[in-house]
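Reading through the structure tokens given below for one structure.
The values are calculated or read from the model by the stated rules, or taken from the named source; none is laboratory data. Predicted model, so just to flag it, every value in this text is computed and none were measured. Every residue, glycine as well, gets a Cβ built from its backbone with ideal geometry; the counts of neighbours run over all protein chains shown. What goes into the accessible areas is simple: the full protein's heavy atoms, side chains included, and nothing from ligands, DNA or RNA. Shrake-Rupley method; radii C 1.70, N 1.55, O 1.52, S 1.80 Å.
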Amino acid sequence: MSAPPLDPDEVSPLPGLIGRSPAMREVYRMTRQVAASNATVLLTGETGSGKELIARAVHELSPRASGPFIRVNCGALSESLLESELFGYERGAFTGAVQQKKGRIEYADGGTLFLDEIGDVPLSLQVKLLRFLQSHEVHRLGGKEALRVDVRILAATNVELHKAIAEGRFREDLYYRLCVIEIAIPPLNQRDVDIPLLAKTFMLRFADEQRKSVKGITPQAMEAILAYHWPGNVRELENRIKRAVLMAEGHSLTPTDLGFQDPSTPETIDRTLKTTRQRFEKDMIHLALDKNEGNISKTALELGVSRPTLYQLLARYGLKKIE
């Protein structure tokens, strides 16, 4: 049974997530649909785009919500530490193993295991992980017994796995085990409509936490926020707003508080005009595509450009023609 339609005025139908842009509404729709299943899900997107929040939402909306949600950052541990963290070990399995230790997979029994930065798992460990995904059995290091566990796997990566496969850094069979369903999370610079909402939400939260009298964001500061590219995505915006709230001396955040130049100054006016023009151009293309149901010829005719030019614009703004 499909999930009910989303309310277009709702900030977010999922816990912990903010945004009502078309791109995020598609993420919400997919998240709610896959949550009810037991399928393995691969979350892709740039660092700081919110992959862990989506993973937690999948878990909390699933029948496993009452079970544990265990996260493992595969990129933060050495190969030997990652193996023992995932699979556990028996007493005496190696020097220093003075007692038995359960692995994170066992701790996730009955719930969800979130493998963050899966693209950083070493090849030798990928084999063991694939074996677990096929059998749902865990062999602790130094152990002989196979332990059966009931775990749903969610994985996330900011690495282009197809490229990693081609370069021999990631197993193709493991990729297809993990990517039963893929949810691609858009970068913040493709979610223009969400940026003011996120900025205001973070501002109010941190002002309350820090007991500061900050109650707003000046128009100049918001203009600077919208003009910035946000390579660090939502995480960078959140951290920038937090620092601004801490440093602010007035009741509203200014460009200076945020570490930006005032966009109305001569040094930044050219960049601001260019950004505004690009945002308008992108919106016009998106609307024309929707109106013409993705037909490239009709869209190009309406916009007054050639088909090759339209294809270049689609690539420039990260837009996809509707199939």
Practice problem: Search the stretch 22-33 for residues that are within 18 Å of ASP194 (Cα to Cα) and pair each with any residue that is open to solvent by 60 Å² or more (accessible area, probe 1.4 Å) when their beta-carbon atoms are under 7 Å apart and the residues are at least 6 apart or on different chains. | Solution: ALA23/GLN190
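Here is a yes/no grid of residues against (1) in contact with a helix residue (DSSP H, G or I) (Cβ under 9 Å, 6 or more places away or on another chain); (2) buried (at least 18 other Cβ atoms within 10 Å of the Cβ):
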position	(1), (2)
SER37	no, no
LEU43	yes, yes
SER80	no, no
GLU83	yes, yes
GLN100	no, no
ASP109	no, no
LEU125	yes, no
GLU137	yes, no
Quiz item: Across the stretch 73-129, which residue is modelled with the highest pLDDT among those that are assigned to a loop (DSSP other than H, G, I, E, B), over 24 Å from the mean Cα position of the chain (by Cα) and of a type in the set (Val, Ile, Thr)?
Solution: THR95
Quiz prompt | Counted residues, the stretch 1-27 - those being within 15 Å of LYS51 (Cβ to Cβ), at pLDDT below 85 and open to solvent by less than 30 Å² (accessible area, probe 1.4 Å) | solution = 1
Exercise. With respect to PHE69, determine if the residue is modelled with pLDDT of 95 or more, closer than 23 Å to HIS136 by Cα, in contact with a His (Cβ under 8 Å, 6 or more places away or on another chain) and not hydroxyl-bearing (Ser, Thr, Tyr).
Key: yes
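Is it the case that the stretch 162-181 has a residue that's closer than 30 Å to MET284 by Cβ, open to solvent by 80 Å² or more (accessible area, probe 1.4 Å) and either in contact with a strand residue (DSSP E or B) (Cβ under 9 Å, 6 or more places away or on another chain) or at pLDDT below 95 (or both)?
Checked the stretch 162-181: no residue is closer than 30 Å to MET284 by Cβ, open to solvent by 80 Å² or more (accessible area, probe 1.4 Å) and either in contact with a strand residue (DSSP E or B) (Cβ under 9 Å, 6 or more places away or on another chain) or at pLDDT below 95 (or both).
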Quiz item: In this structure, is LEU188 farther than 20 Å from ILE54 by Cα and touching a helix residue (DSSP H, G or I) at 6+ places or on another chain (Cβ under 7 Å)?
Solution: no
Quiz prompt | Top-ranked residue in the stretch 200-242 [being in contact with an Asp or Glu (Cβ under 6 Å, 6 or more places away or on another chain) and in a helix (DSSP H, G or I); ranked as farthest from GLU52 (Cα to Cα)] | solution = GLN220
Self-check item: THR157, sole failed condition from (1) open to solvent by 10 Å² or more (accessible area, probe 1.4 Å); (2) under 22 Å from the mean Cα position of the chain (by Cα)
Solution: (1)
Quiz prompt | Exclusive hit being modelled with pLDDT of 85 or more and part of a helix (DSSP H, G or I), set LEU273, LEU287, LEU246, LEU301 | solution = LEU246
